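*Asks:* Before anything else, here's the structure in question.
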Amino acid sequence: MKYDSLYDLIKAFSDEETCVKHLEELRWCNGIVCPLCGSTKKVYHTGRTGGHKCSNCKKQFSVRKGTIFEKSRLPLRKWFAAVWLITSNCKGISSTQLAREIGVTQKTAWFMIGRLREVAEVMGGFGVPLI
């Protein structure tokens, strides 16, 4: 999907559950795959948003496992907004500006930009939509 404004993005992803569902559709369009053991057998939903448990390896995981969002406690809404802001500004955005825009510390914004740059390098630049 293409969002013409930050407002459109925020409207489309109104809560964390909507973001998780979108990420699950992007990541597991052919069914949930355990990122720990690769099993596609039975995967159970746990009580938490986006939580799953693999019946093969018996370990819990979420849609964030193995992505740039792993080990980040930031809401996916803030990540999605950061992606939009970075990719929509042709000259880029500074960590201080990103911090002000999405309501995080400058250090957190710097961390986010670093993770997003890693993805951009792998994908060949920011011309490819990340969300």
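Just so it is clear, none of the values below were taken in a lab; they were calculated from the coordinates. These figures come from a predicted structure and were not determined experimentally. Using ideal geometry, Cβ is built from the backbone for each residue, glycine included, and neighbour counts are taken over all protein chains shown.
*Asks:* Could you please report the charge total around Ile93, scoring K, R as +1 and D, E as -1 over all other residues with beta-carbon less than 11 angstrom from its beta-carbon?
*Replies:* +1
*Asks:* Normalising by the residue count of the chain, find the relative contact order in percent from Cα pairs under 8 Å and 6+ residues apart.
*Replies:* RCO, the chain: 19 percent.
*Asks:* Could I ask something else about it? In what sequence do Ser55, Ser88 fall when counting other Cβ within 10 Å, fewest first?
*Replies:* By the 10 Å Cβ count, ascending, the order reads Ser55, Ser88.
*Asks:* Compute the distribution of all C-alpha to C-alpha distances in the chain, in bins of 5 Å from 0, and list the percent of pairs in each, rounded to whole numbers.
*Replies:* Taking every Cα pair in the chain, the percentages come to 2, 10, 19, 21, 19, 14, 9, 5, 1, 0.
*Asks:* Moving on to the next point. Can you list the DSSP H helices in the chain whose Cα atoms extend at least 30 Å along the helix axis and whose mean Kyte-Doolittle hydropathy is 1.0 or higher?
*Replies:* Helices meeting the criterion: none.
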